[in-house]
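A.B. asks: Mind looking over this structure? Questions follow.
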Amino acid sequence: MKLQTISWSKNKIKIIDQSWLPLKLKYLDLGDLKSLWQAIKVLKVRGAPALGAAAALGVYLGVKDSRAANFRDLRIQLDKAILYLASSRPTARNLFYGLERMRRTLLNNKEKRVTQIKKLLLQEARAIIEEDKIACRRIGFYGAKLIQDQDAILTICNTGILATIDYGTALGVIYSAKEDGKALKVFVSETRPLMQGSRLTTWELKRKGIDVTLICDNMAATLMQQGRIRKILVGADRIAANGDSANKIGTYSLAVLAHYHKIPFYVAAPASTFDLKIKNGRGIIIEERPGQEVTRMFFKQRLAARGVKVFNPAFDVTPHGLISAIITDQGIIRSPYQVSIKKLIKR
Ligand code: MRU
């Protein structure tokens, strides 16, 4: 069965509820903004591009039943929905990209009737979904050129079907290389504390028939020291104008290790992940999440001393100097990043 992480179905947002994986493949219908916000917050839907689509559909959800009689009233309601969704998670650029596209659609159609504007808003959200499908396949196409037959690749978090609409960014590169007939071995870092690597990526890769091996996050150095990793492929939540890239916590340490062991380190992301208004990684807001994610196993079994202080950032920033190339839907970007990003990314 072909998976689609997020869609608009029967007047609701339909998502794969990722909190059930790998135990069950369950879908969840979200019929109001509050349940969407909550689903984003607790990572039932997650991954930068999927968040962009969710946010855009969410804006439509927020206004579709509005009784606004004119543009002004509709705009007030739309802005309210945007503000609310923007408060869910701060780091993924795509979420804000989705929100901005919806606002622009509204503003560009001021003169139309409210019912017509609502139709256009749904159309726009659906366009974001379709564009992601294409963008991921383009990332896959460009990225696969960097992959050799028999490569052993290390990845972190989940950057596949479940993080996008139906293909993936870093995992999309792996899928595309496989479609080209290359045999690959993929090592997946479990991705503490929420285990996106072990729960989601191993599930996805196994479904696709890819040779996958799970490791704990602290085993990556040993693998590299033993010469068992040929490439590292990761996704991104936000990329600054100079190429500094925010991604799941633990990505930066992989980049440092890759540098030491002289292993190519690739970031894969669509143009919608770039934030050209941010000069460098210092400007990227890093989400901090509840300490209980670290002290308890999925909020249940306690794993640490009662009352211990916790530091739980969800993302870190890899400086561009540690990145061998950024694989985008517009092509492959290499150093000097400042210049090549400006040339290639037209958003
Ligand atoms: O906290 P998450 O699971 O939303 O974090 C996701 C990641 O860090 C991904 O690597 C990133 O969003 C890129 S997904 C194509």
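A.B. asks: Considering every residue within region 38-54, establish whether at least one is in contact with a strand residue (DSSP E or B) (Cβ under 6 Å, 6 or more places away or on another chain) and either farther than 20 Å from residue 159 by Cα or β-branched (Val, Ile, Thr) (or both).
C.D. replies: yes
A.B. asks: With surrounded by 21 or more Cβ atoms within 10 Å (Cβ to Cβ) and within 13 Å of the ligand (Cβ to nearest atom) as the only criterion, which of 154, 205, 162 stands out?
C.D. replies: On the way: 154 fails: within 13 Å of the ligand (Cβ to nearest atom); 205 fails: within 13 Å of the ligand (Cβ to nearest atom).
Among 154, 205, 162, only 162 is surrounded by 21 or more Cβ atoms within 10 Å (Cβ to Cβ) and within 13 Å of the ligand (Cβ to nearest atom).
A.B. asks: Name the pairs: first residue in region 178-204 and closer than 11 Å to residue 248 by Cα and in a helix (DSSP H, G or I), second residue within 12 Å of the ligand (Cβ to nearest atom) and charged (D, E, K, R), Cβ to Cβ under 9 Å, at least 6 apart or on different chains?
C.D. replies: Taking only residues 6 or more apart or on different chains, the pairs are 196/46; 196/248; 197/248.
A.B. asks: Which residues, taken from region 239-288, are of a type in the set (Val, Ile, Thr), away from the ligand (no atom under 13 Å from the Cβ) and within 18 Å of the chain's Cα centre (by Cα)? Before you say what the answer is, go through the steps one by one.
C.D. replies: In the first step, residues of region 239-288 are kept if they are of a type in the set (Val, Ile, Thr); the result is 239, 249, 251, 256, 263, 267, 273, 278, 284-286.
From the residues that got through so far, the ones that are away from the ligand (no atom under 13 Å from the Cβ) too are 256, 263, 278, 285.
Answer for region 239-288, where residues must be of a type in the set (Val, Ile, Thr), away from the ligand (no atom under 13 Å from the Cβ) and within 18 Å of the chain's Cα centre (by Cα): just 285.
A.B. asks: Only one of 243, 227 is modelled with pLDDT of 95 or more, open to solvent by less than 10 Å² (accessible area, probe 1.4 Å) and part of a loop (DSSP other than H, G, I, E, B). Can you tell me which?
C.D. replies: Numbers: 227 fails: open to solvent by less than 10 Å² (accessible area, probe 1.4 Å).
The match here is 243.
A.B. asks: What number of residues within region 291-347 satisfy the criterion of being touching a residue at least 60 places away in the same chain (Cβ under 8 Å) and either β-branched (Val, Ile, Thr) or open to solvent by 80 Å² or more (accessible area, probe 1.4 Å) (or both)?
C.D. replies: So the answer is 16.
The values are calculated or read from the model by the stated rules, or taken from the named source; none is laboratory data. Just so it is clear, the model here is predicted, and its values are computed rather than measured. We place every Cβ from the backbone using ideal geometry, glycine too, and count neighbours over all the protein chains shown. The protein model used for the area step is the full one, side chains on, heavy atoms only, and it has no ligands, DNA or RNA in it. Shrake-Rupley method; radii C 1.70, N 1.55, O 1.52, S 1.80 Å.
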